[in-house]
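Please find one structure pasted underneath; my questions will follow.
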Amino acid sequence: MGVTGLRWLGGSSYLGSIMTLSSGQMAAAVIPFLAAPILGRIYLPEDYALLAAFGALVNVAASIATLHYQHGIVIEKTTQRAHQLALVALAATAAFAMFTIPVAVALYLIDPFADAFRGYGLWFAALPFSTLVVGTSLTAMAIANRDQAYKILSVMQFTASAASALASIAFGLLSLRSDGLMLAAMLSQAITLGFSVAILHRRNVLRAGISKRKLMRLSARHRGYPLFTMPASFLQSVGAQLPILALTSMGAATTLGSFSRAQQLLILPVSMFSGAVARVYIQRAAEEYNKTGSCRALYIRTVPIISFVAIPFFLTFTLLGETIFTVYLGENWREAGQIAQILCPVLVFQMFVSSLGSSILYTGNQHLSLHLHAFGLALALIGCLVPQILHADALQVLQGWALALSALGIIQIYIGWKLAKQTTRKAKGGIHGAIS
């Protein structure tokens, strides 16, 4: 693809922003891949089961932490109000982190994962810290995205990823097994928190004053996010974690560890690429939507950019996933390769949905997001439960779940297209008119 073709895809500035962010983040993905052959021969699949279970809880907590006020940071017209909204998001994060303390205590006492991870219940006490990290980092990333400070985001991702990989190897050589993986994850989160606080401090977000009256007005102005987007994200997150719950209930610790590792290795480059595109796309799409009432032209220009990565990814891991994982990680990880083939369509759709399905966030249609993800959770439940009712094996349960999420992805992409152009009734109000 020549220079002319690249300019046609999205314009030099748009594509350049994507390349700046995605190239740095993709570099961060190289380290886990370089470390993977070593880790695959130090750890067994079942060693990753605890990390998978804890990660599922953190992902669900992350869907609630900020009440999704961080989405409003990008579309606020003034820097002062954007910073004040960031404080609202941080306050919500701190409050929710406090709420997770009794949850963590209850998980330790009840130990719902005892059959699969006996003796590791104390790790669930780290849930409040992890919740604080994800909420703070989401807010900091929104601030950096608004200022187009993509380099610092790339450095943050790279440093956290490198520390996690190197620490995992070191702890694995010390035969710490599941404990080693959890310690490495905590180190990575601590680094992410440090970078996030630095981003907020350098942009004077932490010193942005806000009165109680302004706080109430700002919260009400963006009420669509906690009322609709947050519950929708929660439902989406629960649906995404259903395989972990299903495999845990089946006592399939080895398959759970293989699923976690396959997902981790595949989703890292996918999420970094799609996240980079989405951050730039949402900022540009929101701007175009406010000015012209439509961002469909940008939608169309973004499709080939994503396809340029998505199509080779799909072909590679659908056809060669089992072989790649077995050769690269070792014979113990053959099942992880089979799971990678199952996950591939879900992740490809996610590449497109992250950007093209984001119209709900900036068009004032958050209520549709809630309905959509409620439907998606129902699909995921059916996809997981029907195979279990039919006494299928663990891989067939994952296939049912993947089929459900793929169907949801198609629907999200279509809805994103429909919402990318305002109706006549909403065109006068713009984003803020739609939200209020």
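Only residues in the range 37-52 that are over 23 Å from ALA240 (Cβ atoms) count as the first member; pair them with residues that are aromatic (Phe, Trp, Tyr) and surrounded by 24 or more Cβ atoms within 10 Å (Cβ to Cβ), Cβ under 7 angstrom, at least 6 apart or cross-chain, and list the lot.
From residues that are over 23 Å from ALA240 (Cβ atoms), the pairs are GLY40/TRP333.
So that you can scan it fast, the table gives a plain yes or no per residue for (1) touching a Gly at 6+ places or on another chain (Cβ under 6 Å); (2) closer than 26 Å to LEU87 by Cβ:
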| site | (1), (2) |
| --- | --- |
| LEU218 | no, yes |
| HIS222 | yes, yes |
| LEU227 | no, yes |
| ALA240 | no, no |
| LEU247 | no, no |
| GLY251 | no, no |
| SER258 | no, no |
| GLN263 | no, no |
| PHE273 | no, no |
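Within the range 302-356, how many residues are closer than 15 Å to ILE413 by Cβ and basic (Lys, Arg)?
Residues flagged as closer than 15 Å to ILE413 by Cβ and basic (Lys, Arg) within the range 302-356 amount to 0.
Residues that are modelled with pLDDT of 85 or more and under 30 Å from TYR43 (Cα atoms): does the range 352-374 have at least one?
No, there is no match, as no residue in the range 352-374 is modelled with pLDDT of 85 or more and under 30 Å from TYR43 (Cα atoms).
Right, next: Please find, among SER168, SER175, SER154, SER137, the residue that is on the phi > 0 side of the Ramachandran plot and of a type outside the set (Lys, Arg). Please lay out each step first, then the result.
On the way: SER168 fails: on the phi > 0 side of the Ramachandran plot; SER154 fails: on the phi > 0 side of the Ramachandran plot; SER137 fails: on the phi > 0 side of the Ramachandran plot.
Result: SER175 is the single residue among SER168, SER175, SER154, SER137 that is on the phi > 0 side of the Ramachandran plot and of a type outside the set (Lys, Arg).
When you look at ILE342, is it touching a helix residue (DSSP H, G or I) at 6+ places or on another chain (Cβ under 7 Å) and free of Cβ contacts under 8 Å to residues at least 60 places away in the same chain, yes or no?
Judged against the criteria, ILE342 is not a match.
Quick check on my filter: what residues within the range 299-327 are surrounded by 15 or more Cβ atoms within 10 Å (Cβ to Cβ), more than 30 Å from SER359 (Cβ to Cβ) and among the hydroxyl-bearing types (Ser, Thr, Tyr)?
Once the filter is applied, which keeps residues that are surrounded by 15 or more Cβ atoms within 10 Å (Cβ to Cβ), more than 30 Å from SER359 (Cβ to Cβ) and among the hydroxyl-bearing types (Ser, Thr, Tyr), the range 299-327 yields only THR326.
Further, regarding this structure: Out of contact with any Lys or Arg (no Cβ under 8 Å at 6 or more places or on another chain) and without any contact (Cβ under 8 Å) to a residue 12 or more places away in the chain - does that describe any residue in the range 177-189?
No, every residue in the range 177-189 fails to be out of contact with any Lys or Arg (no Cβ under 8 Å at 6 or more places or on another chain) and without any contact (Cβ under 8 Å) to a residue 12 or more places away in the chain.
So, one more: With respect to SER271, determine if the residue is surrounded by fewer than 20 Cβ atoms within 10 Å (Cβ to Cβ), under 17 Å from the mean Cα position of the chain (by Cα) and of a type in the set (S, T, N, Q).
yes
Another question, then. Let me spell it out: the conditions are (1) more than 26 Å from ALA125 (Cβ to Cβ); (2) among the small types (Gly, Ala, Ser); (3) at pLDDT below 90, and ALA252 meets all of them except one. Which number is the exception?
Just one mismatch for ALA252, condition (1).
Follow-up question, since we're still on this one. So, of the residues in the range 132-185 that are outside any helix (DSSP H, G or I) and of a type in the set (A, V, I, L, M, F, W, C), which turns out to be farthest from ILE75 (Cα to Cα)?
So the residue we want is LEU174.
Out of (1) at pLDDT 85 or above; (2) under 16 Å from the mean Cα position of the chain (by Cα); (3) farther than 26 Å from ALA56 by Cβ, the odd one out for THR139 is which?
Exception for THR139: condition (3).
The values are calculated or read from the model by the stated rules, or taken from the named source; none is laboratory data. Only a predicted model underlies this, so the values are computations on that prediction, with no experimental measurement involved. Glycine gets a Cβ as well: all are built from the backbone with ideal geometry, and neighbour counts include every protein chain shown.
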